[in-house]
Amino acid sequence: MSDTLHWSFGDNPILKEKVFAEGFSAPESTLPSSGFSPDGDWENSYDLVYTGPQLFTEDKYVYYGGLRIGKRVAGDVAALKIREINHMEQDFRSERQHIESECVCCNEALLPLAEGVDWNVSILTKNRRDPMTAAYSEINETGRLKGGVIEKMDGGGKWYNYKKIDRQLPVVGNWSLLASVGGIGGDKAIEFGYFHKLESYSAGHKVRFLETFKADFGGREVVLNGYVQTGPSITPYFYWFDEQGRLLIARFALSALIFNENPRIEKEAAGDK
Amino acid sequence: MGASAAAVLAGGLVYPSNAKAQAAKNVPNIIFIHVDQLSLLDSISAYGAKYTATPAIDRIVKNGTSFMQSYSADPVCCPARATWWSGTYSSENGVVVNNTPCHSDTPDLSPIIQDAGYNTYFTGKWHVPGKNVKSLFHVLHEGSWWGEITDSEVTRSARAFLRNYNDDKPFFLAAGYLNPHDICITPSTEFDRAQDVQGKKTPRYVAEGILTDGDIPPLPEAHGYDKREPNIHIAMHRGLIDKPKFSQWSDELWRMHRYNYHRFVEMVDNEIGLLLDELEHSKWRDNTLLIFSSDHGDGIGRHFSLGKSTLYDEVAKVPFVIATLGDKLEVRKDVRDCEHLVSGIDFGATVCDYCGSGGEKLPHGRSLRPLAAGREVADWRTHLYAESSVYMHMVTDGRYKYVCGYEEDGEVSGLPAGAETHSIGVEQLFDVLNDAGEQNNLAYRQDYQEILEKMRAVMREKETKRLKLREITASVGLEFMKTHTELIRKREYPKSYPVV
């Protein structure tokens, strides 16, 4: 039985023939089996997969990263906790980047960053092989929203103005989108400023509901609600949530996040130094 | 971290030694920011691009001298990069097409500037076959194939370097970004995603309300082309069994290619902005020179074309900027040099000049330093030479562009092309001053034969000044030459056109 896939995630042979075949469509499907409440506390996890033109079949080239994203609600704010691991190097052999972040968001549509609270992104490359580069393995990005400005801390611990923002529009990180887009209304397009990895900001983004689609993964029918993000510095990004409001698929230009309770890279990266 | 004078052995790998001498006084640190597939045309806001926003590249432009007559030495990834790092043309170093290893005795820029007292570092895309970047530089991050996967890490590693470098020796850091090279993936993705509308592949984005028609740029100027093109060009871009099925492309699909290209330009611009911010707020701000360039451009839909390896301006012309964020270095700011013809071949000589020595070890190239400083240079080149796809050579004087296509006469020997060893095939002559879109090939116009003869003579002169050429024996390059020669012969493309 062939899968039924939407054009936004059915166009790539790696997704069709490997990732879904080994995951959602497999006899031991990796589709989530537990309940989910998007408004409460939760943690979801994903494989980061390559979906470009080179038709890789080896796991190490296809599954090149993993993401865990956790949300905890406390009144009118929600804290996001992120753990991401990515293979590096041309052959994805050894070096891996470990990214950890915590940020406090307003508990409202799109989970925009809360004003006046510092966020931190810690990026550490492990398994470095050239000892002469060991001192350059780590960088920490600390920032905050203050008075209509995104401020960042420089290497010497001083704050500087990174970007002025339109205070009417929310500042939304990529991880907030993954956690929240499924909650926006069916006829609404929301404008926002996009803050990729809490490093790089672009004004003028929109996200809107696209359509409801009945996918079929190995004979399992899954109703998906699709959303699409457009704006500067990205080609259209697609987000597909299940009926409970849990993100199952996010498709970017040449990568995708695919839900997996046990991201493949985590076990391999457990011994990274 | 102190730099070692000796090679470091660790984990079974030998890493390069670093600065081998005391640097000259007051030499700057150098950061070479290079991107992949960024055209000089229609791509940078500061130069008037309408459909993209590039505040970070604009910041480099405002802080430096832009060379507006800047050409790739060979507008394909590996050949262009081999030229940067060796000061040799691809016919000389052997990297005539992608993934063909260079000759083992090809010069290397990194050890030359280490000899001048610099510690040398690299992060991101290298792509010089036959040369191991890890034996030449200390590598902060070895880039992968694509910008979406690599470019953030290029920035992060370069930022970490700027925060933590703590040596009294000057540094040279090359930051090799991939984007907008990700534009190579979207033609096939968009083709597969598109709907069939009256026999043409049409993107769904407007029909499904994802984008408005106004979000997407119009068809580019110079979308058409004069079909009298060199045969290697036709074989690579027009004749390969209708790949990527251009006959089925709707105008909207071409327009979507432009849309995506501009988004990838913005993507890498964001990364460059983060790197510039780090430099701005570091102790290196005032004494660091920035060099910004691209290996080659992209078709962007002009001349009914995508990708690289043509010699049309959208592919052959690339940004080349020398800048500094501070005011200490002698670099003219916010200047557009529209006069001097420059090339990727000049990169090495320019770096050596700023480093204080070593330029004489590179066979070709002129330093752009005096031009960036605004000094008069009396004997600057009057014509610029470039190569592409083994069988196309170009010379331009800034007004006329002459492209010569070469043909194999007998068995393919593997010797790179030139008038002494190959037949001249289809030629192109464009008056780029009056025909900026390169739409009218004047090579077969009676009234342009005198100019054509002059350009041919310049071409011969440039070719004879090349180092002694050797046969390409590596499989990829030789296979390219054989395969394309066979295709050209099989299809019986014309080798010339009547002069009228």
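The values are calculated or read from the model by the stated rules, or taken from the named source; none is laboratory data. As the structure is a prediction and not an experimental result, all values here were calculated from the model. Virtual Cβ from ideal backbone geometry, glycine too; neighbours counted across all protein chains shown. The area values use the complete protein model at the heavy-atom level, side chains included, leaving out ligands, DNA and RNA. Shrake-Rupley method; radii C 1.70, N 1.55, O 1.52, S 1.80 Å.
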Before we move on, is B:Arg163 outside any loop (DSSP other than H, G, I, E, B) and either at the interface with chain A (Cβ under 10 Å from one of its Cβ atoms) or at pLDDT below 95 (or both)?
yes
How many residues does the stretch A:168-210 hold that are over 17 Å from the mean Cα position of the chain (by Cα) and over 21 Å from A:Gly226 (Cβ atoms)?
5
Flag for B:Asp277 being closer than 20 Å to B:Met68 by Cβ and either within 14 Å of chain A (Cβ to nearest Cβ) or in contact (Cβ under 8 Å) with a residue 24 or more places away in the chain (or both)
no
Subset of the stretch B:283-311 [over 18 Å from B:Asp36 (Cβ atoms), open to solvent by less than 10 Å² (accessible area, probe 1.4 Å) and either free of Cβ contacts under 8 Å to residues at least 12 places away in the same chain or not in a loop (DSSP other than H, G, I, E, B) (or both)]
B:Thr288, B:Leu289, B:His303
Would you say A:Phe192 is at pLDDT 95 or above, closer than 30 Å to B:Glu278 by Cα and away from chain B (no Cβ under 14 Å)?
yes
Selected residue [in a loop (DSSP other than H, G, I, E, B), away from every other protein chain (no Cβ under 14 Å) and modelled with pLDDT of 95 or more] from B:Glu252, B:Glu314, B:Glu339:
B:Glu339
Only residues that are open to solvent by less than 20 Å² (accessible area, probe 1.4 Å) and over 23 Å from B:Ile44 (Cβ atoms): list them for the stretch B:333-366, please.
B:Gly348, B:Ala349, B:Cys352, B:Tyr354, B:Cys355, B:Gly358, B:Leu362
Among the residues listed as B:Phe480, B:Phe430, the single one being without any contact (Cβ under 8 Å) to a residue 60 or more places away in the chain and surrounded by 14 or more Cβ atoms within 10 Å (Cβ to Cβ):
B:Phe430
What's the total number of residues in the stretch A:195-212 that are over 21 Å from B:Asn179 (Cβ atoms), within 12 Å of chain B (Cβ to nearest Cβ) and open to solvent by 10 Å² or more (accessible area, probe 1.4 Å)?
5
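So that you can scan it fast, the table gives a plain yes or no per residue for (1) open to solvent by less than 10 Å² (accessible area, probe 1.4 Å); (2) within 19 Å of A:Glu28 (Cβ to Cβ):
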position: A:Ile234; (1), (2): yes, no
position: A:Tyr237; (1), (2): no, no
position: A:Asp242; (1), (2): no, yes
position: A:Gly245; (1), (2): no, no
position: A:Phe252; (1), (2): no, no
position: A:Ser255; (1), (2): yes, no
position: A:Asn260; (1), (2): no, yes
position: A:Glu266; (1), (2): no, yes
position: A:Gly271; (1), (2): no, no
Quickly run through the stretch B:114-143 and pick out the residues that are away from chain A (no Cβ under 12 Å), crowded, with 24+ Cβ neighbours inside 10 Å and either in a loop (DSSP other than H, G, I, E, B) or out of contact with any Pro (no Cβ under 9 Å at 6 or more places or on another chain) (or both).
B:Ala116, B:Tyr118, B:Val128
Within the bounds of the stretch B:207-226, is there any residue that is part of a helix (DSSP H, G or I) and either closer than 30 Å to B:Glu479 by Cβ or within 26 Å of the chain's Cα centre (by Cα) (or both)?
no
Output the residue which, of all residues in the stretch B:413-427 that are within 19 Å of B:Thr473 (Cβ to Cβ) and open to solvent by 20 Å² or more (accessible area, probe 1.4 Å), is modelled with the lowest pLDDT.
B:Ser413
Just wondering, is there one or more residues in the stretch B:275-282 that are among the aliphatic types (A, V, I, L, M), crowded, with 21+ Cβ neighbours inside 10 Å, at pLDDT below 95 and not in a loop (DSSP other than H, G, I, E, B)?
no
Among the residues in the stretch B:238-246, are any more than 14 Å from every other protein chain (Cβ to nearest Cβ), open to solvent by less than 10 Å² (accessible area, probe 1.4 Å), part of a helix (DSSP H, G or I) and of a type outside the set (A, V, I, L, M)?
no
